[in-house]
Amino acid sequence: MYCWHGGSVVKNTTKKGRTMAHQLMRAVPRLVARRAFSTSLARAGGGAGGMPAWQVNPRNVYEDRPDFPMPNVPYVSELSDAQKALKAKEAGDWKSLSDEELKELYRLKFHKTLAEAEAPTGEWKTVVGGTSLIIALTFVLYIIQKKYAMPAMPETCNYEWQEAMMKKQLQMRNNPVEGLASKWDYENNKWK
Amino acid sequence: MATPAQLGLMDAASPVMEEMIYFHDHVMLVLILITCLIFYSMLVLISSKYIYRFLTDGHVIETVWTVIPAIILVVVALPSLKLLYLTDELDNPQLTIKSVGHQWYWSYEYTDYYDIEFDSYMLPLGDLSKGDARLLEVDNRVVLPVDTSVRVLVTAADVIHSWTVPSLGLKMDAVPGRLNQLALQCSRVGTFYGQCSEICGANHSFMPIVIEAVPVEVFEGWCDMMLDEESLGSLNMKR
């Protein structure tokens, strides 16, 4: 068996008499699976047995929800030494906590304040702007087509023909109940 | 014929079409009421600050919003079925005509009393007089007496076409090898237009139907004209 550059791929056999190609075929799926699994482990943060937290229990994920501003878990779960010390201080008398310490404790528990979570993002400007741009492009394309590609309108679309057609329809008493002819005063020859 | 940018139905020229307009108004009322209710609910829900996160079911309201639509459907279905059977009623027709669809024109046969046959081709743009409707005018119109019950037998010679006249509330497929029957009655004199309503090839959009409803005396005169060899020759039609 020869590979694309002309050289032999499976000329040499290895242990147990299996060819390189045969061994590759067996090893590649195993290596890919291992890499994929370890990639997911590399991305995981917390949770039991190396699994990511959201796979163990979907509720143990921090989320800022304006309609339900009570997340299940604190925002910062792994505390540094300074933060642990602050937490220990929190267990005591709260009057001893300074304003800065209170704010830091709040930020350990929550990512955003309610006001920050409810604050407008301005995304509507992107949406409106993008939509308007696409609509404008559509109009430009249409104008180009109308000017250079489409054939001329038939003469039945010009004003004189339309006027003559309306006169004929009135003579025919077209739609005399609630439509066109019902709005024409035949005795005085004018619109009602 | 419809006027430009017309949205609603054309005025009725037959009793069946009048009933169809009434039915359309009835169903449209029901639809508008339902739509208003839905929009109101949506508005109230969207503008509300409160959410009940643990809502899973509501047996009473689910029953209500199943039973009430069923009642609404009955209210719509009863007049619908009545109208459906009304369109099939044929009240002792005094005249029978045949309409045969071809690619791409209609041919008509009045064989009850006389032997009158003619083809009806769309007038091309170059042959129109000023004020004629493009894609709607034909060279030979279907002339019928007003206030007369007419049976129309619709068929086709090659592929499926559909013979339609919206102001009279008529639509019937022209199927080769089959005769479909239509009941036609024009309540007023006038000219009524329609177009082929089943895709039948390249010129499907260019085979219109024009019915000219005239007083009985005028119809008789037209029949005499059609039977007169000389005038037929000048009109290039066959008897």
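Assuming a ≥ b ≥ c are the square roots of the Cα gyration tensor eigenvalues, decide whether segment B:1-47 counts as rounded (a/c under 1.5), prolate (otherwise, with a/b larger than b/c) or oblate.
Oblate, because a/c is 1.5 or more while a/b does not exceed b/c.
Kindly sort B:Arg188, B:Arg151, A:Arg107 by accessible area of their heavy atoms, largest first, with the probe set to 1.4 Å.
Ranked list, largest accessible area first: A:Arg107, B:Arg151, B:Arg188.
Between segment B:96-170 and segment B:1-38, what is the C-alpha centre distance in whole Å?
The distance from the Cα centre of segment B:96-170 to that of segment B:1-38 comes to 26 Å.
Using a 1.4 angstrom probe with every protein chain in place, what is the largest-first accessible-area order of B:Phe54, A:Phe110?
Sorted descending by solvent-accessible area, the residues read B:Phe54, A:Phe110.
Count neighbours as other Cβ atoms within 10 Å of each site's Cβ, and list the trypsin sites (Lys or Arg not before Pro) in segment B:14-122 that are DSSP loop with at most 13 such neighbours.
Hits after loop and neighbour filter: B:Lys49, B:Arg53.
Using the Cβ atoms and a cut-off under 11 Å, what net charge is assigned to the surroundings of A:Lys89, where Lys and Arg are +1 and Asp and Glu are -1?
-2
For B:His26, B:His204, write out the residues from largest to smallest accessible area, computed with a 1.4 angstrom probe and no ligands counted.
B:His26, B:His204
List the residue ranges in chain B for DSSP H helices whose C-alpha atoms run 30 angstrom or more along the long axis and whose Kyte-Doolittle average is 0.0 or above.
Answer set is B:15-47, B:59-88.
Assigning unit charges at the beta carbon (Lys, Arg +1; Asp, Glu -1) and nothing else, what dipole magnitude in debye, to the nearest 20, does the protein assembly as shown show about its Cα centre?
4280 debye
For a test of the definition: using alpha carbon positions, the gyration tensor, and the 1.5 limit on a/c, classify segment B:1-95 as rounded, prolate or oblate.
Note, shape of segment B:1-95 comes out oblate.
Is segment B:95-238 rounded, prolate or oblate when judged by the Cα gyration tensor, a ≥ b ≥ c being the square roots of its eigenvalues, rounded requiring a/c under 1.5 and prolate requiring a/b larger than b/c?
Values: a/c = 1.33, a/b = 1.14, b/c = 1.17.
Rounded, since a/c falls under 1.5.
For the pair A and B, how large is the buried accessible area, both sides, in square angstrom to the nearest 100, if the probe is 1.4 Å?
Interface between A and B: roughly 1800 Å².
What FRET efficiency do you get for A:Lys84 and B:Leu43 if R0 is 51 Å and r is their Cβ-Cβ distance, rounded to the nearest 0.05?
Once rounded, the FRET efficiency stands at 0.50.
Over 30 Å between Cα atoms: which of A:Lys125/B:Lys49; A:Lys146/B:Lys130; A:Lys109/B:Lys49; A:Lys168/B:Lys82; A:Lys190/B:Lys130; A:Lys183/B:Lys130 fall into that group?
Over 30 Å apart, Cα to Cα: A:Lys168/B:Lys82.
Can you give the FRET efficiency for B:Leu78 and A:Val56, using 1/(1 + (r/R0)^6), R0 = 51 Å, r = Cβ-Cβ distance, to the nearest 0.05? Spell out each step's value before the answer.
Details: r = 59 Å, r/R0 = 1.15.
The calculated FRET efficiency here is 0.30.
What net charge do the residues around B:Glu217 carry, taking every other residue with its C-beta under 13 Å from that of B:Glu217, with Lys and Arg at +1 and Asp and Glu at -1?
Charge balance in the 13 Å sphere: -3.
The values are calculated or read from the model by the stated rules, or taken from the named source; none is laboratory data. Owing to the predicted nature of the structure, the values given are computational and were not obtained by experimental measurement. A quick note on method: Cβ atoms are made from the backbone with ideal geometry, for glycine too, and the neighbour counts reach across all protein chains shown. Protein only, heavy atoms only, side chains kept; ligands, DNA and RNA dropped before computing areas. Shrake-Rupley method; radii C 1.70, N 1.55, O 1.52, S 1.80 Å.
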